[in-house]
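Student: The structure is given below, and queries will be raised subsequently.
The values are calculated or read from the model by the stated rules, or taken from the named source; none is laboratory data. Quantities reported herein were computed from a predicted structural model and do not represent experimental measurements. Don't worry about glycine lacking a Cβ; one is built from the backbone with ideal geometry, like all the others, and counts go over all protein chains shown. Ligands, DNA and RNA are stripped out before the accessible areas are found, and what is left, the full protein with its side chains, is counted by its heavy atoms. Shrake-Rupley method; radii C 1.70, N 1.55, O 1.52, S 1.80 Å.
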Amino acid sequence: MSRTSRALGLVGAIFVAAVALAGPAAPATAAADGPTLEAHALLQGHGRLGAWLAIDVRLANEGTPVAGELQLQGGSQGGTRFSVPVDLPSPSDKRFTLYAQPPSFGREIEVVFVVDDEPVARQKVAFTVHETSQLVIGVVAAQPAGIASGIQLPAVQNSANPVQVPLTVADLPAKVEAWSSMDRLIWQDVDSNLLTADQLAALRGWLALGGRLIVVGGTAGPGVLSGFPDEILPYRPTTTVDVAAGSLASLLAEVPDDATDVPAMGGELIDGRALVTSGDHVVAADRSYGSGSVTVIGLDPTSGWIAESKATQALWRNLIPARGSGFVGMGDDREIVGAVSELPALALPPIGGLILLLFGYIALIGPINYLVLKRIDRREWAWVTMPALIAVFAAGAYAYGSALRGSDMIVNEVAIVRGAPGATEGSAQVYLGVFSPTRGTYQLALPGGALVSAPVQGDFFGGQGTVLDVVQGEPARVRNLAVGFGSLRTIRAEAPAEVPLVQAELELRDGFVTGTVRNESNKTLEAPAVVLGASAVVLQDILPGQTADVRLRVDSGQIGAMLSDKIVGQVFVGDPAASNERQRRAQARYRVISQLTSDPTFGNLSQLASDVPVLMAWGRDPVVDVEIAGQQPARAANVLYYIPVPMQIRGQTSFGWDLMRNTVLAADAAFFTRDPYSMNFGQGTVTVAYRPIPFEGTMTPSKVLMSYGFGERIDFGGQPIEPMPPIDPPIVCITDPCLPAVEPAPQIDPNVGFDGLPETEVLNRLTGEWRRLPHLTTGETYELKNPTSYVDPSTGTIQVRFVNDNQNSVNVTFNVVIQGEVR
């Protein structure tokens with residue numbers, strides 16, 4: 001046979017074998033008629049580490065009926081597998097929503113439909129994970145490009161540019177947990193009645209947790225807001241009015257000279273503060289809702305002279321502050337994971353007992369063994385007695401350790417339950433520690449539609465390296481949870497929760513927050529504290545139906561103890577001597593509050609990022625009634641109720657560093673970055689608006705105090721300073737009549753005598769001029785003369801521009817305190 005014939009025969013044999021292995025053609029046809037899968041991520045796939053990502057999945061089946069699971073890998077660095085049970089009759093077309101926590105690495109998650117442990121259909125879903133500090137702005141608009149062109153926000157810390165995400169109503173998740181990747185939501189010309197009941201509930205929960213909704217006018221008219229309830233709107237637009245251009249200066253910073261009146265949606269104020277009025281109508285206002293806020297601007301920022309000028313940039317930078325805390329998702333949860341481990345069963349043995357055990361062992365196998373054998377004249381038995389005594393001692397030590405750890409299974413729950421004032425619905429972030437005295441595998445069920453995953457930072461104890469197998473649904477289930485001997489396995493759950501009903505009437509006046517807090521629930525509020533910024537006062541326990549008086553001194557000083565020290569007291573976290581229940585409970589509470597004030601990049605910020613006071617109180621009733629098949633575990637719980645409460649601001653008030661907010665309006669420096677404390681920029685200018693927390697009414701400023709430096713206390717006064725007058729060019733009579741001749745200004749080298757600080761300018765709101773201050777120095781406090789010319793009475797805003805003419809960069813911390821009377 002020729003070589004060519006042998007080659008052709010070999011090819012034919014391979015082809016026949018391939019056909020045989022592939023099987024008959026019928027199964028391929030059946031597979032084509034089998035289930036098909038389509039999947040995409042909501043919020044256009046934008047997420048954060050530790051935050052939930054909702055994935056919409058459509059399954060259709062034209063073939064034989066099948067039952068299986070939708071599965072995907074996610075959670076903390078892929079340490080959790082999520083699944084949903086699926087039953088597909090024939091024919092069928094069903095939709096499912098899976099919730100995952102995308103890892104920090106990778107750009108795709110694969111959704112797989114599994115039947116009898118075999119994949120039947122699959123699709124990869126794209127996602128994007130953003131940095132913790134990066135601002136994510138959702139835009140729901142009929143023409144999102146018009147809004148996007150005006151939003152030009154400067155980068156914040158780590159040079160992370162804000163992200164704009166065009167969305168439709170269908171992109172908004174139905175669970176509040178899946179909203180935490182989004183910081184701000186802009187709404188224009190889209191009918192709010194398109195929101196489902198679940199989406200609207202999620203929106204309200206997102207606002208209560210710290211989200212900010214910004215509704216702006218457009219061409220569709222007031223009717224597009226009819227789906228939003230009055231409980232969240234500052235005012236409901238009912239008519240269209242003409243607004244004088246000059247009255248928009250507080251929103252737009254600078255109004256062009258040729259600006260004309262603009263139409264805007266007006267109405268009557270429901271709650272909150274009016275930002276702009278036209279006659280008897282409010283045309284711009286904002287309102288706090290829980291830890292978040294809703295702002296309604298009746299004018300259209302995408303048309304007319306507003307869109308054509310730089311005013312639109314200032315408008316959006318005023319409306320969209322930098323990202324703060326207060327969301328369900330946490331990218332670094334090590335403190336609260338550590339709080340779960342604060343169990344007496346996990347405490348180190350008492351040092352006295354260990355010493356006694358050690359010396360007993362030495363005495364037993366040494367002198368006691370020798371003396372006994374000598375007494376009976378059988379010292380050669382030492383070859384037998386010593387191993388026997390070692391075995392007895394080992395058994396005794398094991399029994400001693402078991403007695404210390406106990407023989408009961410324990411479920412230790414540490415939770416943060418966030419709510420809104422006057423409401424009982426809230427959102428709970430729960431960390432469950434399952435302690436097992438023996439090595440075992442357990443089946444868990446969690447009611448309430450809880451979303452379950454592994455902690456972001458992982459376990460510190462038993463179960464490392466094992467994948468958490470979560471079945472989503474009602475109830476959610478954890479399959480085959482492996483727990484090591486005498487160890488704790490931690491899982492994380494997020495679910496709706498009941499919040500104690502609290503009524504508060506508080507007022508900030510003359511540097512004190514005073515008023516009452518009433519407990520309208522049937523739960524005792526343990527160790528309640530009222531916190532505003534970095535200031536806190538701890539009250540006595542408030543029993544059901546009782547009212548507590550509040551008197552909190554607002555401390556504007558920038559140097560102070562950590563908030564956890566002020567509320568719980570000084571606690572040595574990890575102290576091995578803390579073996580009793582009271583000490584362990586104090587350590588757990590200390591860590592929970594530290595979690596609330598910690599930043600994964602900049603450490604503990606020592607204050608809450610909330611514009612209103614927060615009632616923080618403790619409870620001992622578990623939030624999630626977890627069931628473990630075949631077990632009756634003992635239960636322990638430390639539950640923090642986090643409830644923002646309203647406050648009126650009246651009379652003489654000092655807005656210190658922790659009650660001031662700042663927004664970068666412009667940055668044309670060579671480079672610019674910022675963190676919670678300082679700014680770093682190159683040659684050029686940076687414009688920042690400093691404003692107090694929201695207040696109703698108007699402010700008459702009496703003092704504006706400024707300083708450069710970190711940790712400076714500047715609320716007691718300082719050196720008076722006045723902006724320098726503008727330099728007029730000299731008058732030279734070269735014509736008749738005399739006209740000013742522009743002479744070149746003397747050239748001054750900005751690098752000579754440079755002290756690392758920029759020049760400072762303030763905006764005169766009455767004239768629209770930037771006025772430069774005499775050069776400021778670090779560590780000195782300055783009091784600005786004639787503050788009414790620079791502070792907007794409706795919002796308390798003062799604009800400051802920093803000018804760096806030097807080739808070297810500057811890194812500065814600038815402090816502003818505004819004092820005045822609010823009426």
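Student: Consider Ser606 carefully, then state whether it is modelled with pLDDT under 90 and assigned to a helix (DSSP H, G or I). Let's see the steps before the verdict.
Tutor: Numbers: modelled with pLDDT under 90: yes; assigned to a helix (DSSP H, G or I): no.
Here the answer is no, as Ser606 does not meet what is asked.
Student: Now, a different point. Please state which of the following conditions Val125 fails to meet, knowing it meets all the rest: (1) of a type outside the set (Lys, Arg); (2) open to solvent by less than 10 Å² (accessible area, probe 1.4 Å); (3) farther than 27 Å from Gln429 by Cα.
Tutor: Condition (3) is where Val125 drops out.
Student: Name the single residue that is nearest to the chain's Cα centre (by Cα) among those in the range 490-542 being open to solvent by 10 Å² or more (accessible area, probe 1.4 Å), closer than 19 Å to Ala208 by Cα and not hydrophobic (A, V, I, L, M, F, W, C).
Tutor: Checking each candidate, the answer is Pro496.
Student: Could you tell me which residue of the range 449-480 is most open to solvent (accessible area, probe 1.4 Å), considering only residues that are farther than 19 Å from Leu53 by Cβ, modelled with pLDDT of 90 or more and not charged (D, E, K, R)?
Tutor: Asn480
Student: Another question, if that's okay. When both residues are 6+ apart or on different chains and their Cβ atoms are under 9 Å apart, which pairs have a first residue that lies in the range 366-384 and is on the phi < 0 side of the Ramachandran plot and open to solvent by less than 100 Å² (accessible area, probe 1.4 Å), and a second that is in a loop (DSSP other than H, G, I, E, B) and among the basic types (Lys, Arg)?
Tutor: Val372/Arg378
Student: Taking Ile390, is it open to solvent by 80 Å² or more (accessible area, probe 1.4 Å) and at pLDDT 80 or above?
Tutor: Here the answer is no, as Ile390 does not meet what is asked.
Student: Among the residues of the range 691-710, are any open to solvent by 10 Å² or more (accessible area, probe 1.4 Å), in contact with a Gly (Cβ under 9 Å, 6 or more places away or on another chain) and among the hydrophobic types (A, V, I, L, M, F, W, C)?
Tutor: The answer is no, given that none of the residues of the range 691-710 is open to solvent by 10 Å² or more (accessible area, probe 1.4 Å), in contact with a Gly (Cβ under 9 Å, 6 or more places away or on another chain) and among the hydrophobic types (A, V, I, L, M, F, W, C).
Student: Could you please find all residues in the range 596-635 being farther than 20 Å from Leu539 by Cβ, touching a Lys or Arg at 6+ places or on another chain (Cβ under 8 Å) and surrounded by 20 or more Cβ atoms within 10 Å (Cβ to Cβ)?
Tutor: Asp611
Student: Can you go through Ser407, Ser402 and tell me which one is hydroxyl-bearing (Ser, Thr, Tyr), open to solvent by 60 Å² or more (accessible area, probe 1.4 Å) and modelled with pLDDT under 85?
Tutor: After ruling out the rest, the residue left standing is Ser407.
Student: For the structure I just gave you, tell me whether Leu88 is surrounded by 19 or more Cβ atoms within 10 Å (Cβ to Cβ) and either more than 38 Å from the chain's Cα centre (by Cα) or modelled with pLDDT of 95 or more (or both).
Tutor: Yes.
Student: May I pose another question? From the list Val478, Val434, which one is touching a strand residue (DSSP E or B) at 6+ places or on another chain (Cβ under 9 Å) and farther than 24 Å from Val86 by Cα?
Tutor: Unique residue meeting the criteria: Val434.
Student: If you don't mind, another one. Do you know which residues across the range 438-448 are touching a residue at least 60 places away in the same chain (Cβ under 8 Å) and surrounded by fewer than 23 Cβ atoms within 10 Å (Cβ to Cβ)?
Tutor: Matches in the range 438-448: Tyr442, Gln443, Ala445, Pro447, Gly448.
Student: If you don't mind, another one. In the range 67-75, is there at least one residue being closer than 20 Å to Ile491 by Cβ, open to solvent by 10 Å² or more (accessible area, probe 1.4 Å), touching a Leu at 6+ places or on another chain (Cβ under 7 Å) and in a loop (DSSP other than H, G, I, E, B)?
Tutor: Within the range 67-75, not a single residue is closer than 20 Å to Ile491 by Cβ, open to solvent by 10 Å² or more (accessible area, probe 1.4 Å), touching a Leu at 6+ places or on another chain (Cβ under 7 Å) and in a loop (DSSP other than H, G, I, E, B).
Student: Moving on. Under the condition of being open to solvent by less than 10 Å² (accessible area, probe 1.4 Å) and under 18 Å from the mean Cα position of the chain (by Cα), which residue from the range 211-228 is nearest to Ala495 (Cα to Cα)?
Tutor: It comes out as Gly211.
Student: Please indicate, with yes or no, whether at least one residue in the range 129-141 is more than 30 Å from Tyr677 (Cα to Cα), open to solvent by 40 Å² or more (accessible area, probe 1.4 Å) and not aromatic (Phe, Trp, Tyr).
Tutor: Checked the range 129-141: no residue is more than 30 Å from Tyr677 (Cα to Cα), open to solvent by 40 Å² or more (accessible area, probe 1.4 Å) and not aromatic (Phe, Trp, Tyr).
Student: Another question, then. If you go through the range 763-776 one residue at a time, do you hit one that is open to solvent by less than 20 Å² (accessible area, probe 1.4 Å) and either at pLDDT below 90 or in a strand (DSSP E or B) (or both)?
Tutor: Just the residues of the range 763-776 that are open to solvent by less than 20 Å² (accessible area, probe 1.4 Å), to begin with: 763-764, 773, 776.
After this cut, where a residue has to be either at pLDDT below 90 or in a strand (DSSP E or B) (or both) as well, the list is 763-764.
Yes, the range 763-776 contains a residue that is open to solvent by less than 20 Å² (accessible area, probe 1.4 Å) and either at pLDDT below 90 or in a strand (DSSP E or B) (or both).
Student: If you scan the range 483-533, which residues turn out to be modelled with pLDDT of 90 or more, not charged (D, E, K, R) and not in a strand (DSSP E or B)?
Tutor: Selection gives Val499, Pro500, Leu501, Ser521, Asn522, Thr524.
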